[in-house]
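The values are calculated or read from the model by the stated rules, or taken from the named source; none is laboratory data. These numbers were taken from a predicted model, which means no experiment stands behind them. Methodologically, a virtual Cβ is constructed for each residue, glycine included, from the backbone with ideal geometry; neighbour enumeration extends over all protein chains shown. Just so you know, the surface numbers come from the protein's heavy atoms only, side chains and all, with ligands and any DNA or RNA stripped out. Shrake-Rupley method; radii C 1.70, N 1.55, O 1.52, S 1.80 Å.
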Amino acid sequence: MAGNKRTRAALLALVAGISCGHLVDPVLPGDAEQFVAPSVYTQWWAMVEQCSGLRGRLEDVQWFSVPGQLSNPDNSSEPVEGYWSAASNRIVLNSDDTLDGRIVRHEMLHALVRVKGHPRSAFLQSCGGIVSCPPACVSDAGPPPAPDPATPRVAPAAIEVTSEVSVISPSSSTQASFGTFTIFAHNPFPHPIVVLLSKSPGVDIARTYGYGIIRTVSGGAVSSADLAFDIGATYFAAGETKRDMFDLAIVPIASPSVGTFPGIGRDGIALPPETYSFRGDYGGHSAPDITTILNR
Ligand SMILES: [Zn+2]
């Protein structure tokens, strides 16, 4: 079981976007290596184009990875998973994160938005849950407008929760297959609501979306949950649907695990091909289970 791993990783994770306005790129670390975008980037780029409503050319982005720990070029004491720089439309990632969907899509969103910082409208609203937005990103985005104090408070049970599994990259003999497990939370009311989420034991931040994935024949399971770093995660406009996307790598490993396959980052879910039962929830209110076969 992944248990608190995701929670801890999420608390520690920092992803920085480097502001536009640099006339030259920050100097690359000496051990940086340029790499060719893996095929799954095509689908990830399309997902970010769709959620942001922006269009751009993936081919115009230069990709680099660094084997050690990257620092924010604007603040060398701040470790980051990656950064985008405007001068040559360059994305630099920790080599552990080059196949971490939410982190890669975060940097892709920078390359599409092309403005300074982490606008709330893009990183937490239109592409919220599709791209990572750890505490430094949430803080940069600034707080959402305070809801009307009269907004009804509801329990998670009042939310309609559904989920979807999709394999987004075709099988390939040379590259891993990838997929996503997306959980949708829908406000069924014709008025705004605030959902009262509870906290996991030992964690001071409310828990939002969680997953449990069980390998049905050979056994094994992974589970984890995200946290409400952004208070906006608890506010729903009338009829609004929010979502949270967990990335899957379908790879030939011994058993389901989190963060173990090279490149998928600390939160990436690695699943050997087989039949799985997926359960997603929002605030502990579960979507109907999905049983599906994942093939390479
Ligand atoms: Zn960023």
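Would you mind stating whether Ala225 is open to solvent by less than 40 Å² (accessible area, probe 1.4 Å), part of a strand (DSSP E or B) and not charged (D, E, K, R)? If you could, list the steps in order and put the result at the bottom.
Numbers: open to solvent by less than 40 Å² (accessible area, probe 1.4 Å): yes; part of a strand (DSSP E or B): yes; not charged (D, E, K, R): yes.
The answer is yes for Ala225.
Take the conditions more than 16 Å from the ligand (Cβ to nearest atom) and among the aliphatic types (A, V, I, L, M) and apply them to Ala141. Does it pass? Considered against the rule, which asks whether it is more than 16 Å from the ligand (Cβ to nearest atom) and among the aliphatic types (A, V, I, L, M), Ala141 comes out as no.
Looking across Val92, Val104, Val115, one residue alone is at pLDDT below 95 and either away from the ligand (no atom under 12 Å from the Cβ) or not assigned by TED's automatic domain parsing to the domain that holds Ser177 (or both). It is Val115.
Only one residue in Ala136, Ala122, Ala146 is modelled with pLDDT of 95 or more and of a type in the set (A, V, I, L, M, F, W, C). Which one?
Numbers: Ala136 fails: modelled with pLDDT of 95 or more; Ala146 fails: modelled with pLDDT of 95 or more.
Within the list Ala136, Ala122, Ala146, the selection yields Ala122.
Within the range 124-144, residues that are in contact (Cβ under 8 Å) with a residue 24 or more places away in the chain reach partners that are of a type in the set (S, T, N, Q) and open to solvent by less than 40 Å² (accessible area, probe 1.4 Å) with beta carbons closer than 7 Å, at six or more positions or on different chains, in the pairs Ser126/Ser52; Cys127/Ser52. Those residues that are open to solvent by 10 Å² or more (accessible area, probe 1.4 Å), of a type in the set (A, V, I, L, M) and in contact with a Cys (Cβ under 8 Å, 6 or more places away or on another chain), I need them from the range 108-129; list them, please. Hits for the range 108-129 are Val115, Leu124. Restricting the search to strands (runs of 3 or more DSSP E) fully inside the range 236-296 and requiring at least 3 residues that are surrounded by fewer than 20 Cβ atoms within 10 Å (Cβ to Cβ) gives 274-282, 290-294.
As a summary of the residue check, Val104 satisfies the conditions (1) part of a helix (DSSP H, G or I); (2) hydrophobic (A, V, I, L, M, F, W, C); (3) farther than 26 Å from Phe261 by Cα except for the one numbered (3).
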